[in-house]
1. In whole Å, largest first, what are the principal axis extents of the Cα atoms in the range 310-466?
2. How many angstrom separate the Cα center of the range 269-306 from the Cα center of the range 315-351?
3. Through the Karplus equation 6.51 cos²θ - 1.76 cosθ + 1.60, θ set to phi - 60°, convert the phi angles of the range 176-189 into ³J(HN,Hα) values in whole Hz; use x for Gly and Pro.
4. Can you list the residues, at least 5 places off or on another chain, whose amide H is less than 5 Å from the amide H of Lys3, using H built in the peptide plane?
5. With θ set to phi - 60° and the Karplus curve 6.51 cos²θ - 1.76 cosθ + 1.60, what are the ³J(HN,Hα) couplings of the range 344-356 in order, to the nearest whole Hz, using x for Gly and Pro?
6. Any idea how far the Cα center of the range 417-450 sits from the one of the range 129-145, in Å?
7. Once amide H atoms are built 1.01 Å from N in the peptide plane, which residues 5 or more positions from Phe293, or in another chain, come under 5 Å H to H?
8. Please tell me the relative contact order of the range 208-310 in percent, rounded to the nearest whole number, where contacts are Cα pairs under 8 Å and at least six residues apart.
Amino acid sequence: MTKEYDVVIIGGGPGGYVAAIRASQLGLKVAVVEKWKIGGTCLHVGCIPTKTLLRSAELYAQTKNADRYGVIAPEVGLDFSKVQSRKEEIKNHLFKGIQHLMQKGKIDVYDGKGSILESKDVLVELNNNGGEIIVSPRNILIATGSRPRTFYGLEADEKYVMTSNEALEMETLPNSIIIVGGGVIGIEWASMLVDFGTQVTVIEYADRILPTEDKDVSKEIQRLLKKKGVKIVTGAKVLSETLEKGDGVSIKAEHKGKETSFSADKLLVSVGRLPNTEGIGLEKTDIELNGIFIKTNDFYQTKEPNIYAIGDVIGGLQLAHVASHEGIIAVEHIAGQEPAPLDPTLVPKCVYCSPEVASVGLTEDEAKEKGYQVKTGKFSFRAIGKALVFGESDGFVKLVVEEGSNKLLGAHMVGPHVTDMITEVGLAQVLNTTAMDIAHTIHPHPTLAEAIGEAALAVEGKEIHA
Ligand code: FAD
């Protein structure tokens, strides 16, 4: 007899496992099918391992400059194997935590590959040749995530060409690296590797790095990374067929009308991520695609009303907190509730380079394109006491506001710990507040968040410390 469930979730990343916990809280009988490791990309090859390495890199770079703080550290060294083992420890700790949460929520976890059958049951091919079982769900939630995209000719190999997956497993640091792609993942790696002492060249097709961020943010982070020694080439098309491997790698790119050669020990490809839509039985359903991604409505129902899809596999903002939020909406809908749809303009986006980047809402250009009359308020961390105390006063906070109503449309930040500061402005946007509401919010002194209050005052030209 097949086991029956209210919902079977295929994929146990931050979309799938969070949806499972919420489903269990709602009293649904739920199972997760995971072919690799619960926690998915985010925990094992994404958010957590990269941030762990970034922290070591930042600390290493800061300690080398410790004399600025009056701290004498004459011999600063790097034990990269320890850096890597710390990363593994943190991952394992969190992995155990999620496994515990699955048990606590009485969620059945099947270790195997799931696919949808014509009958709309789910076939589980158990790992380690454990055979096959079929489970019968009333609803299915597809949360199979994504994998790195590569170029033809730039596929990862054992030695020279890596995606972020292979880069995370490096046993030693390269002396030099070419990073193809100046989006979020590429820029985090650039910042980390330059802080570890690697010579970094970033080649980006668009005319600026982090091309979806506000233009002022791209300009500032480009300036700061260049100051650290990162070579950044924008408006350059990599010619993958020119890749040569031997004593390191060399590759050509079309830049300003001519071909320019680049060479380094290794090459990292970070040009986006492809949805995992293969091998999950989509062809046995009426599910439609939107380009390469699974198409859903606002509650994440596909064309088959009892099959939902969330997270990286549906495209949009490919972020862990988005996948989790979508998972919660989907299972609440399955449970008969009417959750509020996710508004992408309210999603905070973070880049954990050093200094950090964080944003929420519309950029200045997007607001203008949407027809808003726009005012901005900008405040530099140079005039913020806490930033000077930290010795990290590069960057700014910029608020984008509607002229007249003063309604907050977006916030964009570069600077120390801004990924922890963005939530204040995110909440302000959820509550539909104005820049003046933010200005009237008392920001404790000395804190980095004072820059947000000052930027709000700057909208009216009334900032205090400028
Ligand atoms: P995934 O996390 O990809 O999980 C999908 C799971 O489904 C996987 O475990 C996979 O094994 C499983 N699966 C696939 N097919 C099947 C099948 N047929 N049967 C059973 N199981 C299956 N986002 C942030 O918000 N913050 C960050 O700092 C951040 N940093 C990142 C850094 C890097 C280097 C990368 C690559 C990504 C980063 N992301 C970050 C993005 C984030 O990791 C993803 O948006 C998030 O993991 C998507 O969650 P998901 O649940 O949709 O998919």
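Read-outs: derived from the displayed coordinates by stated rules, not from any lab. Predicted, not measured: the structure shown is a model, and the values here were computed from it. Counting neighbours? That spans all protein chains shown, and the Cβs are built from the backbone with ideal geometry, glycine included.
1. That gives 52, 36, 27 Å along the principal axes, largest extent first.
2. That distance is 16 Å.
3. Along the range 176-189, the couplings run 8, 8, 9, 10, 8, x, x, x, 4, 5, x, 6, 4, 5 Hz.
4. Residues meeting the criterion, in which the H sits 1.01 Å from N, are Ser136.
5. Computed from phi, the couplings for the range 344-356 are x, 6, 9, 8, x, 10, 10, 10, 9, 6, 10, x, 7 Hz.
6. One Cα centre to the other: 43 Å.
7. Distant-sequence amide H within range of Phe293: zero hits.
8. After rounding, I find 12 percent.
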